[in-house]
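The values are calculated or read from the model by the stated rules, or taken from the named source; none is laboratory data. These numbers were taken from a predicted model, which means no experiment stands behind them. All Cβ positions, glycine included, derive from the backbone under ideal geometry; neighbour counts span all protein chains shown.
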Amino acid sequence: MITLAKVRPVTAAASSDADLISAHAAGDPYAFSELVKRHRDRMWAVALRTLRDPEEAADALQEAFISAFRAASSFRAESQVTTWLHRIVVNACLDRMRRRQTRPTVPLPEAGPGEPVAPRDAMSDRETSLMVQQALMELPEEQRAPIVLVDVEGYSVAETAKLLGIAEGTVKSRCARGRAKLAKVLGHLRNRIADANVPADGVNVQEQRQWEGR
Amino acid sequence: MTGMERVPMGPPWSVDLIADLHAGVLPPEVAAQLRPRVEADPDAREVLQALDATLVDLRSLPSVPMPDHVAARIDAALAAEARPGIAPVVSLNDARKRRNRRLGMGGAGVLVAAAAAFGIVLAVSPGAQQPPANEAAPAPTTSSTSANAAPPLALSEAELGSAVGEVLKAQNYGPLETPDRLSGCLKGGGITSSGNPLGISPINLDGKNAVMAILPAGLGQFRLVVLDPATCGPDKPEGVLADTTIKR
């Protein structure tokens, strides 16, 4: 009798994501599940870090994967499967963000500039990660999404601009604003410099607007 | 307008301006003039280092595993998406029975079954947005329609899984000829299955004639059975060459 081990690996052994998409389009009933299995943690991280709320992230991912399942037959090999999936996931997240635009953004904590939650050198890696994660969550959504894609996920500015549907200059400037805030919250800026130099939100806005979109 | 006149070329510079320089926001000609000055200023250099350290923090964030309950929920949603009974297609079994009653089984039966199988393909294929199968529509001419005439899929044991997609498109009992024969062979292997196979097709397994059937096996599951038509039958378990449940 032929066992599962002899049958199952055909899909699992598919050499590339594109093979799995093709197999799915050809009717392989578990090719898409295998694809989801491969990428779900990364997509989860993107959704969670973009939306902050686990329930919303789960809803967005479910929508995204169903959408991808249905659209897989139209996938074109010129784009990478991961980029294609990312685009669908990011779009699902952005839709949700737009729908909740009326909700207030959680402000940054009122710790003094350059005053980290705890001394950095006393923290374990895990504590540091939690602190960075928390700081990221507190960024405004318009800054958090490009920072998640560029700085956490490693996408290029150009790719991120396409994913988010904004100009490359806007991606750069939003990343710059977000990084400056994070540097302050994470304690990388000394008090003196931060006190002297970190302007309130809105300063340089005119200057900024002229450069955005370049 | 170059932006140059808006950028102070001497300290102190705002953190935001240095962050712009760091992120490549500034026009190249402005950045080229500003960068050496910023790097020569100890306070500004510290800001650049702070931004670099922030990037290191962000890039060092560990992956976030999807919680099991979320993974299970998404798996279930995808399985439901692929299930013929849930996809926006007619009840295929009912349609098949109605067609069989109207046209009768026998010579035309295979063609009718193949037409019904095409409906199944619509249900399990991605992008199943096609309209519901129409009983009045002519039987589509798919590869499964001519499956009887085509040589069976030649497979090795290791390739069985790769044939699932093709077999799902077919409703060709091959040497088993009838659903009753199939039922008898399944019974011999102790396999109970409600409903018709999702797909069935003769295959050539390592040079030997066989029949592969894909049976429904509950939510998000399929049962792949390979039968030897020469030996299978009620009380003949040796006729079952392969039997495995595949979870999505």
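Kindly provide the set of residues from segment A:178-192 that are more than 7 Å from chain B (Cβ to nearest Cβ) and assigned to a helix (DSSP H, G or I), ordered by number.
Listed by number, the residues that qualify are A:G178, A:K181, A:K184, A:V185, A:N191, A:R192.
What are the pairs, 6+ residues apart or on separate chains, where a residue within segment B:25-37 that is closer than 15 Å to A:G169 by Cβ has its Cβ under 6 Å from a residue that is assigned to a helix (DSSP H, G or I) and of a type in the set (A, V, I, L, M)?
Short answer, once both residue conditions are applied: B:V25/A:A176; B:V30/B:M4; B:A31/B:L21.
B:P11 fails exactly one of the following numbered conditions: (1) over 14 Å from A:C175 (Cα atoms); (2) buried (at least 23 other Cβ atoms within 10 Å of the Cβ). What is the number of that condition?
(2) is the only condition that B:P11 fails.
In segment A:137-152, what residues are surrounded by fewer than 24 Cβ atoms within 10 Å (Cβ to Cβ) and part of a helix (DSSP H, G or I)?
If the condition is that a residue be surrounded by fewer than 24 Cβ atoms within 10 Å (Cβ to Cβ) and part of a helix (DSSP H, G or I), then A:M137, A:E141, A:E142, A:Q143, A:R144, A:D151, A:V152 are the ones that fit.
Name the pairs: first residue in segment B:180-191 and assigned to a loop (DSSP other than H, G, I, E, B), second residue among the hydrophobic types (A, V, I, L, M, F, W, C) and buried (at least 21 other Cβ atoms within 10 Å of the Cβ), Cβ to Cβ under 8 Å, at least 6 apart or on different chains?
B:G189/B:V225; B:G189/B:L227; B:G189/B:C232; B:G189/B:V240; B:I191/B:L215; B:I191/B:V225; B:I191/B:V240
Answer yes if at least one residue in segment A:7-20 is of a type in the set (A, V, I, L, M), modelled with pLDDT of 90 or more, part of a helix (DSSP H, G or I) and farther than 18 Å from B:H69 by Cα, and no otherwise.
No: segment A:7-20 contains no residue that is of a type in the set (A, V, I, L, M), modelled with pLDDT of 90 or more, part of a helix (DSSP H, G or I) and farther than 18 Å from B:H69 by Cα.
Answer yes or no: is there a residue in segment B:26-37 that is of a type in the set (S, T, N, Q) and either within 13 Å of A:L189 (Cβ to Cβ) or facing chain A (nearest Cβ under 7 Å) (or both).
Within segment B:26-37, not a single residue is of a type in the set (S, T, N, Q) and either within 13 Å of A:L189 (Cβ to Cβ) or facing chain A (nearest Cβ under 7 Å) (or both).
Can you go through B:A19, B:A32 and tell me which one is closer than 30 Å to A:R52 by Cα and not assigned by TED's automatic domain parsing to the domain that holds B:A217?
Values: B:A32 fails: closer than 30 Å to A:R52 by Cα.
From the options B:A19, B:A32, the qualifying one is B:A19.
Return the residue satisfying two criteria in turn: it lies in segment A:56-100 and is more than 16 Å from the chain's Cα centre (by Cα) and of a type in the set (D, E), and of such residues it is surrounded by the most Cβ atoms within 10 Å (Cβ to Cβ).
Only one residue tops the list, namely A:E63.
Checking the conditions here, which among B:A95, B:A44, B:A87 is of a type outside the set (V, I, T), assigned to a helix (DSSP H, G or I) and either under 20 Å from A:L136 (Cβ atoms) or modelled with pLDDT under 90 (or both)? It would help to see each step written out before you state the result.
Details: B:A44 fails: either under 20 Å from A:L136 (Cβ atoms) or modelled with pLDDT under 90 (or both); B:A87 fails: assigned to a helix (DSSP H, G or I).
Step by step, each of B:A95, B:A44, B:A87 is checked, and only B:A95 is of a type outside the set (V, I, T), assigned to a helix (DSSP H, G or I) and either under 20 Å from A:L136 (Cβ atoms) or modelled with pLDDT under 90 (or both).
Among the residues of segment B:172-196, what is the count of those that are modelled with pLDDT of 80 or more and farther than 19 Å from B:P237 by Cβ?
Adding up the residues that qualify gives 6.
Taking only segment B:38-60 into account, find how many residues are more than 7 Å from every other protein chain (Cβ to nearest Cβ) and not polar (S, T, N, Q).
Of the residues in that region, 10 qualify.
Report whether or not B:A230 is away from chain A (no Cβ under 13 Å), surrounded by fewer than 20 Cβ atoms within 10 Å (Cβ to Cβ), assigned to a strand (DSSP E or B) and modelled with pLDDT of 80 or more.
Answer is no for this residue.
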